[in-house]
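Undergrad: Below is one structure. I have some questions about it.
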Amino acid sequence: MAVITLITDFGLDDEYVGVMKAVILGIDPAALIVDISHGIGPQDLVQAAFMAAAACPHFPDGAIHLVVVDPGVGTGRRLLGLQDGRHIYLAPDNGVLTLVRRRPEATGARLHWIENRAFFRPQIGATFHGRDILAPAAAHLSAGRATLAALGPPADPESLAAIEGLGGRITAPGRIRGQVVHVDRFGNLVTDIEAGLIEKLRGGGDGRLLRVAAGRRRIAGLSATYADVEAGRPLALIGSRGFLEIAVNRGSARDFCRCRPGDGVHVSARRIPVAAAGRRGRPKPRRNSGT
Amino acid sequence: MAVITLITDFGLDDEYVGVMKAVILGIDPAALIVDISHGIGPQDLVQAAFMAAAACPHFPDGAIHLVVVDPGVGTGRRLLGLQDGRHIYLAPDNGVLTLVRRRPEATGARLHWIENRAFFRPQIGATFHGRDILAPAAAHLSAGRATLAALGPPADPESLAAIEGLGGRITAPGRIRGQVVHVDRFGNLVTDIEAGLIEKLRGGGDGRLLRVAAGRRRIAGLSATYADVEAGRPLALIGSRGFLEIAVNRGSARDFCRCRPGDGVHVSARRIPVAAAGRRGRPKPRRNSGT
Amino acid sequence: MAVITLITDFGLDDEYVGVMKAVILGIDPAALIVDISHGIGPQDLVQAAFMAAAACPHFPDGAIHLVVVDPGVGTGRRLLGLQDGRHIYLAPDNGVLTLVRRRPEATGARLHWIENRAFFRPQIGATFHGRDILAPAAAHLSAGRATLAALGPPADPESLAAIEGLGGRITAPGRIRGQVVHVDRFGNLVTDIEAGLIEKLRGGGDGRLLRVAAGRRRIAGLSATYADVEAGRPLALIGSRGFLEIAVNRGSARDFCRCRPGDGVHVSARRIPVAAAGRRGRPKPRRNSGT
């Protein structure tokens, strides 16, 4: 028995999630099933890719992760199993594992297609492979009755689907471009710009002033926590996932910046001028756009 | 210990579901509780009846299903236990088990009223029998400390409440009338028209063209999967529950058809005319309304 | 191993709850985690305080309750552990345990600050102490590897944060003033006026007519259950939590009264006049505002 986690775009109002659990428990009654989220936007592969990479690694060794966001169900897209040093991921081959595959522990991960009908439900419909293929495959793995290799032939890493353009990058000296990949319940804008990339931009010191731009708003500096600014004021910080977030203390950065997933986010750094204050002709300091 | 599943209209924002679980675990700490859905529309018996019949049979033998949609709580309506060859269902006697009772495995099911206060909570309120009666009864069953017969006297099947008019039917040669019973998260319109009924209409062959009408929209033919049509185009298919669904590939059939639960759905079949094209005076082929 | 319950304002669309569960299971794989609610309004301490007091006591002895509504995360606010005769509660010291502390079983409860880093995650971020401190502390307690006293030094009950003005009170003879603390899924207005307070007002007998006022509406008398009035009609009753609720049978009291959390609710009682009808000069009986 193992922990089996679920990330889907099924929502919780329909019975889809409950039925997947029914199938799992029919095969492995001892499986411990944990919901990560069923609130992925319908068919939003970027959001699911980000959540899988952010949440799954927190689980104990041996966990099996099902990521079921599957707009191509019933078409020729294949189903993929990935095993890194700690976990197994099962998902459609549609790029939803793009960010999981970039994590350090995924280097050299084993990849297999999921094709062995011995581990499927007896009847396979055309519209719900989460129930008919992925759930039973996970349960057979969890019960110790299948290995990843038994699920199907090895998959060539070069042949896998991937989501293009995901992940912040340095586009010019002192400049990072990324995007909003998720807006959380508090209206925080979660970006795909990793903490490490910000560190690189700053050159490891505090000698550079950061500016973060999202929508028509600009935020100066990086805060440590939401309450570092007054209520209603915006801030940028490295969030609990290890990525740059834009927030408004006790407010909503979504409303403040009028941003949504997919919108660009820019970070720039420049040296803080020494003894600049009071010099004639110097432009006034920029107002924080949150004021 | 057994699997205990929950279908309610309580939502997840309130603590009602958590409190039912507290009561269950207080009696049977080993019970494995699985949420099917708490997103049934408030007091929507039709939706709950459909979900119970669609989801519960997927669970392993021995499962105990609580269906708590109970607009008549505190009135004279009785509480019912039903045991078929595989499962036990506990629910108010308000018709919410109408479709469960029509399933083949329910033939000859045992029916008992839930009246034995030995298996209730000590204090019974007037407003939350899910917590005070159904949850403890399920937990006593799960713990092996009660049998269905111990819960109360046998119930006469003829006396039970039932929801009228639920389930598609053939209304004329070549015509089925049903209704939308559920709109899922993707905007798919789930009907109460079973796959078997469609097969009957088609006469088992492909020689008949199906037309599905919902709201002011008409869809020709039956697809196998959502991606059989282009993105944004409508289709009809037999969904994962084994019932006719109307969908829009990567879109919302609810918005397309402007339909909601309770709205009628019509299916008609006619022989495909041989070499009909080009004959004078024949009406032009109908455009798929999705174009 | 123990039951660990969760009350948060994280919602279920984000992965925050799943990640807390991951951390717990990494420390105590046998923990039985039960969600009470993640639908607390963002940073709504009053709603969370009420839910904790209403729901947690239903759980079996030994349960550990995490209440994570934490607008001050990352600031100097401390984290608190409370152990009464039956349960342990872990929460920020921001008043969210105000009503738990008023329950009879909390008299003499042990109180400790949560400060021992041996029971935290190795890396503590500034924005998610639910994950980094409270979840691991709960799991160490559940696994029997920590006691409350091991978590940190005793806390002085006098020094704790509290929410002011929570709980209905008698403001004049025959008058109670309270507030709406929660609106449930059915639109029922849940108040902070306890059943016992109402009993006090009535003097234990039926000789006094109650009137409940919320928003611009007035309701006469107290019903036993929702269906005591006709569909669409308002009523007041002692709800399943043991507090006064205002409801509309098969309708929404929120819409009827146009009330929301924080709005005042007034209850008044007066002796029913004997043979009052027909006397000259007497004002006409007030119409129930629901008609």
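The values are calculated or read from the model by the stated rules, or taken from the named source; none is laboratory data. Computed from a prediction, not measured in an experiment: that's the story for all the values here. Because the Cβ atoms are built from the backbone with ideal geometry, glycine has one as well, and the counts that use them run over all protein chains shown.
Undergrad: Here's a check for you: in region A:179-188, which residue that is among the aliphatic types (A, V, I, L, M) and in contact with a Gly (Cβ under 9 Å, 6 or more places away or on another chain) is surrounded by the most Cβ atoms within 10 Å (Cβ to Cβ)? If you could, list the steps in order and put the result at the bottom.
TA: Quick first cut of region A:179-188, residues among the aliphatic types (A, V, I, L, M) only: A:180-181, A:183.
Narrowing the set further to residues that are in contact with a Gly (Cβ under 9 Å, 6 or more places away or on another chain) leaves A:180-181.
Details: A:Val180: 25, A:Val181: 27.
Applying the filter and picking the extreme gives A:Val181.
Undergrad: Here's something else I'd like to know. Out of the helices (runs of 4 or more DSSP H) lying entirely within region B:1-116, which hold 1 or more residues that are buried (at least 23 other Cβ atoms within 10 Å of the Cβ) and facing chain C (nearest Cβ under 10 Å)? Please lay out each step first, then the result.
TA: On the way: elements: B:16-27, B:45-55, B:98-102.
The qualifying helices (runs of 4 or more DSSP H) are B:16-27.
Undergrad: Mind checking which residues of region C:70-91 are within 11 Å of C:Leu134 (Cβ to Cβ) and touching a Leu at 6+ places or on another chain (Cβ under 7 Å)?
TA: Initially, region C:70-91 is screened for residues within 11 Å of C:Leu134 (Cβ to Cβ), giving C:70, C:73, C:79-81, C:89-91.
Of everything in region C:70-91, those that are within 11 Å of C:Leu134 (Cβ to Cβ) and touching a Leu at 6+ places or on another chain (Cβ under 7 Å) turn out to be C:Leu79, C:Leu80, C:Gly81, C:Tyr89, C:Leu90, C:Ala91.
Undergrad: Out of region C:133-161, which residues are free of Cβ contacts under 8 Å to residues at least 24 places away in the same chain and in a helix (DSSP H, G or I)?
TA: Within region C:133-161, C:Glu158, C:Ser159 meet the criteria.
Undergrad: While we're on this one: Condition (residue is under 20 Å from the mean Cα position of the chain (by Cα) and at pLDDT below 95) applied to region C:26-41: is it met by at least one residue?
TA: Yes, region C:26-41 contains a residue that is under 20 Å from the mean Cα position of the chain (by Cα) and at pLDDT below 95.
Undergrad: Go through region C:121-168 and give me each residue that's more than 14 Å from every other protein chain (Cβ to nearest Cβ) and in contact with a Pro (Cβ under 9 Å, 6 or more places away or on another chain).
TA: Quick first cut of region C:121-168, residues more than 14 Å from every other protein chain (Cβ to nearest Cβ) only: C:137-138, C:140-141, C:144-168.
If the condition is that a residue be more than 14 Å from every other protein chain (Cβ to nearest Cβ) and in contact with a Pro (Cβ under 9 Å, 6 or more places away or on another chain), then C:Ala161 is the only one that fits.
Undergrad: I'm trying to understand the selection: among the residues of region C:11-24, which are among the hydrophobic types (A, V, I, L, M, F, W, C) and closer than 23 Å to C:Pro122 by Cα?
TA: Listed by number, the residues that qualify are C:Val17, C:Val19, C:Met20, C:Ala22, C:Val23, C:Ile24.
Undergrad: Residues in region C:253-262: is at least one surrounded by fewer than 16 Cβ atoms within 10 Å (Cβ to Cβ) and closer than 23 Å to B:Asp132 by Cα?
TA: Of all residues in region C:253-262, those surrounded by fewer than 16 Cβ atoms within 10 Å (Cβ to Cβ) come to C:255, C:258, C:260, C:262.
Remaining after also requiring closer than 23 Å to B:Asp132 by Cα: none.
No: zero hits.
Undergrad: List pairs: first in region B:89-114 and at positive phi and free of Cβ contacts under 8 Å to residues at least 60 places away in the same chain, second hydroxyl-bearing (Ser, Thr, Tyr) and in a helix (DSSP H, G or I), Cβ under 6 Å, 6+ apart or cross-chain?
TA: none
Undergrad: Looking at region B:162-186, which of its residues are small (Gly, Ala, Ser) and assigned to a loop (DSSP other than H, G, I, E, B)? Step through it out loud before you land on a result.
TA: Residues of region B:162-186 small (Gly, Ala, Ser): B:162, B:165, B:167-168, B:172, B:174, B:178.
Residues satisfying the conditions are B:Ala162, B:Gly165, B:Gly167, B:Gly168, B:Gly174.
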